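For reference, the structure discussed in these notes is given below.
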Amino acid sequence: MVLKSLCERIVASKCTSKSSTETVDCTQVPAYLKAGSSDSKFPKVSLWSSIFTSGFSVAESFSESSASEKKAVHSRSSGWAAAVRKVVTSGSMRRFHERVLGSSRTDISSSDGDIWLLGVCHKISQQESSGGVDTSNGLASFEQDFSSKILVTYRKGFDAIGDSKYTSDVNWGCMLRSSQMLVAQALVFHKLGRSWRKTVDKPVDKEYLKILQLFGDSEASAFSIHNLLQAGKGYGLAVGSWVGPYAMCRTWEVLARIQREKNDLGEPPLPMAIYVVSGDEDGERGGAPVFCIEDAFKHCSEFSRGLAAWTPLLLLVPLVLGLDKVNPRYIPLLHSTFKFPQSLGIMGGKPGASTYIIGVQSEKAFYLDPHDVQSVVNISGDTQELISTSSYHCNVMRHIPLDSIDPSLAIGFYCRDKDDFDDFCSQASKLAEESNGAPLFTVAQSRSFSKQVSSNDVSGDNTGFEEDIFLGTDHDNDTGANEDDWQLL
């Protein structure tokens, strides 16, 4: 009743607008969101997230519906559909979403210090300005850097996924989209360099367009949502269902291997090895995940089929840093990872609403939001120069408190060469040493050494959970569990 009352107040205050938008089709709601569904994996959060996760937009998920179904839906809910259309077009739904999950802001203050964005420091602090330095250049530099990062959002109107009728990922695809953004950024670093910026007065870079094409919304695109879902079946990925960061990282490992095998004679779509750092001894519980240097070399050797001792490397580190919220001791460590030159940011966000976090300033976390719904864009070889890429970028710099993000997340790093890798190992080791016994992850030369570190150097009762809990597992039965517990990764 409270929820209904809140909705009615919002509708009443904003329904003066006469804008139009798409019709809401109740048959599009995934089965696990329907009332009384016995198959619901997340019974509580599914209900809330069905309302809030895509609260910014209302779009079609199915391409077909019988005439009788549409008529029935219209007769039962035409009043609510009209109200929702007005709420969405007037912007109230975004505010409704933020009221429940927490507000996002776009203000940037120089008093909060400098901004770190994926390994680059943008100087805008008052300390610099008091010394006669013009901080406006630092802010402009940050804005250009931020807006050059590739944004991947919900899309509508693509070919149906597999045997389903889903032609949109609205309500459930935010973690998939967040992961696409992180991998796309790794490709930008690899192909174009960290200093690359999108320009409006020069011809579009062809390598940049090739990267976007990899993330198109069809089976023909190597890293499409269609192919991710197919590759992730073994980790529980399914059309219309949410997924956690651990399963998402493993899915990218599988998909990259599949695509590499398809392109046996040429350069693979992802020209780098993937190493998912997930706990000790292939996922057994016990302490912080261990980054094993020998394993990194093994992944590189396998990627090159034994032809090279080292290749570019994408590191994915899925973590669970608390129960309902991130344990405060990990906040400074998360902040520090954005200072690594190899930083690719974080897949994570609010419960039920994954985002791609790419920067920090003091206690703020800047992010790219996949929840806006946009029409599908087909970037083919014949039409690349004619297609607008504006929907792949965002000029609105939103941020949320870093300590408000969901404790289940995944950190990404990209190491271009062996020197870059050695620098990463040095910085990661130093960060672990400064963690007061509670590191995000540790670095070891070999498996045997990592066991010794786990038993002697890592304090705390770090028994883990048995499932990926990112988007809303019910914690009602977790009272009495240690807040520092680690997930079974």
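The values are calculated or read from the model by the stated rules, or taken from the named source; none is laboratory data. Owing to the predicted nature of the structure, the values given are computational and were not obtained by experimental measurement. Ideal geometry is used to build each Cβ from the backbone, glycine not excepted, and the neighbour counts take in all protein chains shown. For the accessible areas, the whole protein counts, side chains as well, though only heavy atoms, and no ligand, DNA or RNA atoms are used. Shrake-Rupley method; radii C 1.70, N 1.55, O 1.52, S 1.80 Å.
Before moving on, here are some points about what is shown:
- Conditions (1) in a helix (DSSP H, G or I); (2) under 26 Å from GLY352 (Cα atoms); number of the one not met by SER278: (1)
- Matching option when the condition is closer than 22 Å to TYR367 by Cα and acidic (Asp, Glu), among ASP295, ASP264, ASP324: ASP324
- The number of residues in region 143-158 being hydrophobic (A, V, I, L, M, F, W, C) and without any contact (Cβ under 8 Å) to a residue 60 or more places away in the chain comes to 0.
- Residue in region 413-428 that is modelled with pLDDT of 95 or more and within 15 Å of the chain's Cα centre (by Cα) present: yes
- Near pairs, Cβ below 6 angstrom, 6+ apart or cross-chain, from region 428-450 (on the phi > 0 side of the Ramachandran plot) to any residue that is at pLDDT below 90: GLY437/SER459
- Some residue of region 204-211 being farther than 26 Å from ARG416 by Cβ and open to solvent by less than 20 Å² (accessible area, probe 1.4 Å): no
- Matching strands (runs of 3 or more DSSP E) fully within region 317-411 where at least 3 residues are surrounded by 19 or more Cβ atoms within 10 Å (Cβ to Cβ) and not β-branched (Val, Ile, Thr): 343-350, 353-361, 364-368
- Single residue of CYS425, CYS415 found to be farther than 30 Å from SER241 by Cβ and either buried (at least 21 other Cβ atoms within 10 Å of the Cβ) or in contact with a Pro (Cβ under 7 Å, 6 or more places away or on another chain) (or both): CYS415
- Residue selected from region 141-182 under the condition charged (D, E, K, R) and open to solvent by 20 Å² or more (accessible area, probe 1.4 Å), by the criterion nearest to the chain's Cα centre (by Cα): LYS156
- Residues in region 292-314 that are part of a loop (DSSP other than H, G, I, E, B), at pLDDT 95 or above and touching a Ser or Thr at 6+ places or on another chain (Cβ under 8 Å): THR311 only.
- Counting only helices (runs of 4 or more DSSP H) that sit completely within region 146-265, those holding 3 or more residues that are modelled with pLDDT under 95 correspond to 206-214, 245-262.
- One residue stands out in region 244-267 among those that are surrounded by fewer than 23 Cβ atoms within 10 Å (Cβ to Cβ), touching a helix residue (DSSP H, G or I) at 6+ places or on another chain (Cβ under 7 Å) and without any contact (Cβ under 8 Å) to a residue 40 or more places away in the chain: the one that is farthest from LEU321 (Cα to Cα), namely ILE258.
- Annotation note: Cβ proximity below 6 Å between a residue of region 199-222 that is of a type in the set (Ser, Thr, Tyr) and a residue that is open to solvent by 60 Å² or more (accessible area, probe 1.4 Å) (sequence gap 6+ or interchain) occurs for SER218/ASP159.
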